[in-house]
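Some notes on the structure that comes next.
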Amino acid sequence: MNVLDTEIKIIKRLEEKVNSLKVEGYPDDPAGYILKHKNGALLVRYQRSVYSEPRSATVDQKQTCEFDITIITKNLRTNTGAYTYLEIVKSALTGHRINLQLNPALAPDYVRLYPVRDGFILENKGVWYYGITFALNTIHEEDE
C-alpha cells in the first residue's frame, strides 16, 4: 500500500462530499497551522499500521492501516459545528472503496474504509478540534 496515494484518495473523497470546509493533508508544521477557511477544515493524515504475524514461510501479513481526520470548526453544536461534521465525515468514508492497485494494467484491488474511533481533541479560543480514525485492511507481502 502506498500511504501518500491512499491519503490523496481519502482527501478527494472528502472534497467531493464536504464542500463547506477546506480539506487538505495534515500540515508539516502542525504548531504553525492557521485556520484560514471561514467554516473550518478537515485535515487528513496516515496514523499507523498494525501487522499480524506472518502466515507462511514467506512474509505474508494482514496489515490494518489507520488514517486520522481532524475536524476543525468554530462551532460545536450548530449545523456548521464539529458534531455535524463528525457525522458527515463518517457517512462519506464508511464503506468507501479505495483501489490500492498502483498498476493500472492489473485488476483493481479494492478495500473498504471503516471507522475505528472518534472523539474530542481540544478547544482553543472557540475553535473546536475533533478527530475520527478510519482503517482499511490489506495484505503486506515480501518482495520476491
Please work out if ARG48 is touching a His at 6+ places or on another chain (Cβ under 8 Å), at pLDDT 90 or above and not β-branched (Val, Ile, Thr).
no
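Is region 66-74 home to any residue that is in a strand (DSSP E or B), closer than 14 Å to ASN137 by Cβ and within 14 Å of the chain's Cα centre (by Cα)?
Within region 66-74, the subset in a strand (DSSP E or B) is 66-73.
Of the ones still in play, those that are also closer than 14 Å to ASN137 by Cβ are 66-67.
Applying the additional criterion that residues be within 14 Å of the chain's Cα centre (by Cα) yields 66-67.
Checked against the condition, which is being in a strand (DSSP E or B), closer than 14 Å to ASN137 by Cβ and within 14 Å of the chain's Cα centre (by Cα), region 66-74 yields at least one hit.
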Just give me the residues in region 30-63 being farther than 26 Å from VAL18 by Cα and in contact (Cβ under 8 Å) with a residue 12 or more places away in the chain, in sequence order.
SER49, VAL50, TYR51, THR58, VAL59, ASP60, GLN61, LYS62, GLN63
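Residues ILE121, ILE88, ILE69, ILE139: which one is β-branched (Val, Ile, Thr) and farther than 23 Å from PRO27 by Cα?
Numbers: ILE121 fails: farther than 23 Å from PRO27 by Cα; ILE88 fails: farther than 23 Å from PRO27 by Cα; ILE69 fails: farther than 23 Å from PRO27 by Cα.
Only one candidate qualifies: ILE139.
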For region 5-22, what are the residues that are over 11 Å from the mean Cα position of the chain (by Cα) and among the hydrophobic types (A, V, I, L, M, F, W, C)?
VAL18, LEU21
Return only the number of the condition from (1) over 13 Å from the mean Cα position of the chain (by Cα); (2) closer than 22 Å to ASN2 by Cβ that TYR83 does not satisfy.
(2)
Checked against (1) modelled with pLDDT under 95; (2) closer than 17 Å to ASP5 by Cβ, PHE134 satisfies every condition except (1)
In region 9-40, which residues are assigned to a helix (DSSP H, G or I), surrounded by fewer than 13 Cβ atoms within 10 Å (Cβ to Cβ) and of a type in the set (A, V, I, L, M)?
ALA31
When residues of region 82-129 are filtered for being charged (D, E, K, R), at pLDDT 95 or above and not in a strand (DSSP E or B), how many remain?
2
Restrict the check to region 116-127 and report whether at least one residue is surrounded by 14 or more Cβ atoms within 10 Å (Cβ to Cβ) and within 17 Å of LYS22 (Cβ to Cβ).
yes
Which one of these is crowded, with 16+ Cβ neighbours inside 10 Å and in a strand (DSSP E or B): GLN47, GLN61?
GLN61
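Look at ARG77 and say whether it is loosely packed, with under 12 Cβ neighbours inside 10 Å, out of contact with any Pro (no Cβ under 8 Å at 6 or more places or on another chain) and part of a strand (DSSP E or B). Even if it seems obvious, please write down each step before you answer.
On the way: loosely packed, with under 12 Cβ neighbours inside 10 Å: yes; out of contact with any Pro (no Cβ under 8 Å at 6 or more places or on another chain): yes; part of a strand (DSSP E or B): no.
Here the answer is no, as ARG77 does not meet what is asked.
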Quick count over region 93-115, residues being surrounded by 18 or more Cβ atoms within 10 Å (Cβ to Cβ), farther than 19 Å from TYR51 by Cα and not β-branched (Val, Ile, Thr), is 2
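Confirm whether ARG77 is within 19 Å of VAL111 (Cβ to Cβ) and without any contact (Cβ under 8 Å) to a residue 24 or more places away in the chain. Let's see the steps before the verdict.
On the way: within 19 Å of VAL111 (Cβ to Cβ): no; without any contact (Cβ under 8 Å) to a residue 24 or more places away in the chain: yes.
In short, no.
The values are calculated or read from the model by the stated rules, or taken from the named source; none is laboratory data. Since the model is a prediction, treat every value here as computed from it, not as a measurement. All Cβ positions, even for glycine, are placed from backbone atoms using ideal geometry, and neighbour counts span all protein chains on display.
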